[in-house]
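Down below is the structure, laid out as structure tokens.
Derivation of every value follows stated rules applied to the coordinates shown; laboratory data play no part. All values reported here derive from a predicted model rather than from experimental measurement.
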Amino acid sequence: MAELEASSEVLLAELNEVLAAQEVKPHHVPLIRRQISLMIRLGMTEEVLNGYSRLSYLVMLDEMLEKFDQAEQDYLSISILDRHINFILACFRSDRPGSQGSDAYADGDVIDFLTEDNTRNMVKSVYQRGSHVLNESDQLWQTWLGWELGLLGRASNKGESLDVLHAIYIDRMRTPHTNQTSSAYSSFCSQHCPEEYEVRMIEATEASKIAKDQLSEKRYGRTRNDFEEQLRYTADPNARVQILLEYAHWESDPRARTKSSGQGPHLDQRSTQSVYERAVCSYAKAVAILSATLDESENSVRLLDRQLQEQSKQKKEETHVEREIMRQQMELNGEAVRAYKDAESVTWRKYGSWAERNGSSLEATSAAYERSLALGMLDMPGNRVTDLVTVFCGRAAMENRLIPSENVEVDKSGDSGLRLEKFLLSWAETRAPAYLEQALLVVDKPNKARSSAYQMVLLHADTLSRHGEIERARDVFHKALERSDLDWPEAVHEALLRFECVHGKLDSLLDAQKRIDRQMEKVIKRREKAAIHTQQQQKEPATAVSDTHLDDTLQTAANDARNEVVAEGPTASGDQEPAYKRDREHTTILVSGLPNGISRERIESLFTDCGPIRETTIISDGHNDLLDAALVEFSSVEAVPSALQKDRRKYGRILQTRWPSRKYASNRRFCYITMESPSAAQEALILHGYKTGNDGFGMSVLISDPSAKTQRSDASNSTLFVGGLDSKTTEVDVRSLLQGRGTIRNVKLGWDPLKRICKGFAFVDMASEAEARACLQLDGTPFLKKKLKVQISDPNFANKKAKDRLVTLTNLPENTQEGLLQQALEKVVGVRRLELFTKVNEAVAELESAQDVGKLLLGSEPFVFQGNEIHFTDRRNRAPPITKASTETITTTSFAPRAARKAKVIAKPRPTAVAAATSKAEPGATTQGQEDFRALVAAKNKQREEKLNTAKESATGEKRKSELDEQDDVKRART
């Protein structure tokens, strides 16, 4: 009794705790269940009934099942179906007497409703809703199977339970899925019914045939199993949505037949519906994740905005407080200034700074400083320089802060006459000798006008020599000698010799003479090059620039300018030379495309390097308000060629254009352009990204910098060729094969876009050559009933030379560019690659096919490139190189027979000897063509005819004369 009383006290204490917890959570179902359990143990019958009534009011089985049905009708979700099955089974277990928790109270209505058959039918109906989800339906089926196996263990009649399980297994195998149900059923049969194993397995095989056919049904090179495997290894919700959309398009193929008869794809409406519902579910998950991310971002933005507003509000409050303090300080300082007229400079400076911080304008703050000086109290007594400096420094700092900075561009070219430099040195020598050294430092600073001016060199050196700075003056001369842009070198040379004669010694004089001689040689060479360049420019034909878009006004003005010829001087007569005449027809050029409102000086600056300009006339275009034209007349006709070279040279003159070699890559489409100056090259960079046509591609215009090219590792040694793959192989499969053997940079799968299957190979880029070598161990390993072929990729495998497609090009002109030659040849036949040999003026071209080789060799029209007729030779039949010994002997065709033996008196001559005698070629002939081949065929035919005639004569008994008898008959006929 004592034990019962103790246990009752414990139960009452626990019941009090549950009731206290229910006051906080009155509708908490587990607490109500615990309350009912404790009341049952305490024998509180009425309270138990009230608790069940309250619980039935909160949780009703029919309403829960209705909620599950509503959720499942929206769209297919395996997680909801799984929770539905678990809820039904949990209700079944909790309401069984003797189940888990011996204190559970059995509800009679629930027991009557949730019988084994009803529960099985409910679970089966829920399972069938998700049975067509091929890779996830196994989760539902395993839950159902586990419950059935539990019933089998507790069943008194094992036969009925086994029949139910057999039916469940067979029904599962009739449904397409990706799990291994056959092996599980085999283990089940061998364990529970070994005597019926064969019969059961035959029945299972027949049942699973249709499901396997549906799972392996192929359309466009893909099956349902391929899609399910791809979904299994894809975790990204967005990627799953894309895969499911492709899967749905595959399932709803309009070409699929609804009938089961006939060949071709079969339409399964339930599978199609399940795929669409899975796509909706995945899309909902992706949208939910995106919405959560957006909500989080919006919350972060709101929080940041709130913080900024609080900071702004706080800053405004602080600024308001500071301004109030500054206003009060300024008022106090103003009162101090008014009360104490002999105020210190520090007080005025503080007053000005406070006025600035208080937001006063520049004029008001400057007036305060002016007032401090106007009172005249800061310079009394007389030695108050410190106070004045303090006020001035404060005002200068204030103006530096308030006045905006100005970007003033200064012309650094300087004065070509050096008037300021001459005045500075003269002033320092005569009026301020103490500042002479500083003046010399100013003159020593580099300047474009001073550096190349001989006058500056002479002035600087003379000033130094007059003040005894002999070595410094000599250094000035020596530095000037080394400059290549000195405007008058001879004047500097004479001044240096004169300087050494006066201030130097014999050794220094001889050294100066050597320096001058060496520099004069360089000057002469530079002048010769400039003269040659000028002469070449004058030889170029002068062609006028015409603009077809000019109106009648421009044409009339140009015609009048060409027809006028004005004499510059009197007409020459007698032995006098004719005076120079103004020839506008040959000295005037037309410049079009100028911006509207351009000045005459701007136009002349464009042609100052060409020659002296006599006159410039600007012509406005009445039809175009944006562009003008101009007529530029030069003083001499020699300036016109240089000016015409600027035609359409928007960014400078082009000195050279080099095309790249297409020997190693036939798709190289770029060139190197050498501009006349670095500035012109920089200006041409504006064309980067410019689109030349309607194809949508932009040019790449960049400064060529070979040093910027990164050190390239041999990528081919780190690239693997993986062969022996299956048509269903994906990039994920290739990565899984090489996983753990190194870092994979890229996988390029050989993919057929039409059939949408793998071609059976892939190229894998590893991070290093060592990792690629480590993967070679996989060579020969089995993979999906095939053996892998893993090798280091050969980048030149597809570029092997084919002899039947090679042709030799001879008689090429000098300075032939490989790119231009290939472009010209591609207009006739297709060219894969071309290799140029400049030393022998030959090239070898690989054509697209052997038919193209025959087209070139047998072409009737000659191929002309840059004025030379190009000859083509087949590489296979090319003659060997000529040697000295071969030209001294008699040469024959390439099919020459062996030397004939000396014939006997009566025997007939060898036919091959006759052919050899008649086929003698001229000495030095080494090449054979189509004519030689025809001669060879004719000789062979003649030999066959002679043999046939000989056979006929032998058959009739006639005897042929010998060669000596024929020669005797000829001699007798002559005599």
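What pairs from LYS748/LYS787; LYS158/LYS212; LYS759/LYS785; LYS759/LYS827; LYS803/LYS839 go past 25 Å between their alpha carbons? The pairs that break the limit, which is 25 Å between Cα atoms, are LYS158/LYS212; LYS759/LYS827. List, in the order given, every pair from LYS445/LYS505; LYS728/LYS789; LYS209/LYS786 whose Cα-Cα distance in the structure shown is over 23 Å. Cα-Cα > 23 Å for LYS445/LYS505; LYS209/LYS786; rest within.
For GLU615, nonlocal amide neighbours, meaning residues 5 or more places apart or on other chains whose placed amide H falls under 5 Å from its own, are GLU633.
Under the shape rule built on the C-alpha gyration tensor, where the axes satisfy a ≥ b ≥ c, the range 419-538 is oblate, since a/c reaches at least 1.5 while a/b does not exceed b/c.
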